[in-house]
Amino acid sequence: MSRLHKQKLSHKVEKSHLFNANLKGADLSGTNLSNSNLGNANFEGAKNLSIEQVKSACFWQTAKFDLPFQKLLYQTPESSAHRNLCLKLWFYIPSTSTQQKNQ
């Protein structure tokens, strides 16, 4: 597990692989998490973390948050277009034309 515990995270983590990262107690003020993979990351006790930061990232649903923050996350609508973008960014999904060429 990555150890970023109780540190200020750089503002430039856009599209980063933060899977399993330990961000417990980290200061996330102004950090751009857009399209970063947050799968299984631990954000418990993180400071200055916003709903917008998390919702701009990918796979936040499997990350750990403080319970009140997690409840707010699930009360805020999620964009299916962004979910599809995350899948394309983090997993290779061949286009229909590529699949037809391989058959």
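The values are calculated or read from the model by the stated rules, or taken from the named source; none is laboratory data. Keep in mind it's a predicted model, so treat the numbers as computed, not measured. Cβ sites come from the backbone with ideal geometry, for glycine too, and all protein chains shown count toward neighbours. The accessibility values were calculated without ligands, DNA or RNA, using every heavy atom of the protein model including side chains. Shrake-Rupley method; radii C 1.70, N 1.55, O 1.52, S 1.80 Å.
Scanning the stretch 35-49 for residues that are within 18 Å of residue 91 (Cβ to Cβ) and either among the charged types (D, E, K, R) or open to solvent by 30 Å² or more (accessible area, probe 1.4 Å) (or both) yields a single hit, 40. Across the stretch 50-69, the number of residues qualifying as closer than 11 Å to residue 25 by Cα and either open to solvent by 30 Å² or more (accessible area, probe 1.4 Å) or touching a His at 6+ places or on another chain (Cβ under 9 Å) (or both) comes to 1. Can you spot a residue in the stretch 79-99 that is part of a helix (DSSP H, G or I), modelled with pLDDT under 95 and open to solvent by 100 Å² or more (accessible area, probe 1.4 Å)? Looking for residues that are part of a helix (DSSP H, G or I), modelled with pLDDT under 95 and open to solvent by 100 Å² or more (accessible area, probe 1.4 Å), one finds at least one in the stretch 79-99, hence yes. Within the stretch 31-61, the residues that satisfy the criterion of being among the hydroxyl-bearing types (Ser, Thr, Tyr) and within 19 Å of residue 79 (Cα to Cα) are 34, 36, 50, 56. Regarding the stretch 19-29, can at least one residue be identified that is free of Cβ contacts under 8 Å to residues at least 40 places away in the same chain and closer than 18 Å to residue 84 by Cβ? Taking every residue of the stretch 19-29 in turn, none turns out to be free of Cβ contacts under 8 Å to residues at least 40 places away in the same chain and closer than 18 Å to residue 84 by Cβ.
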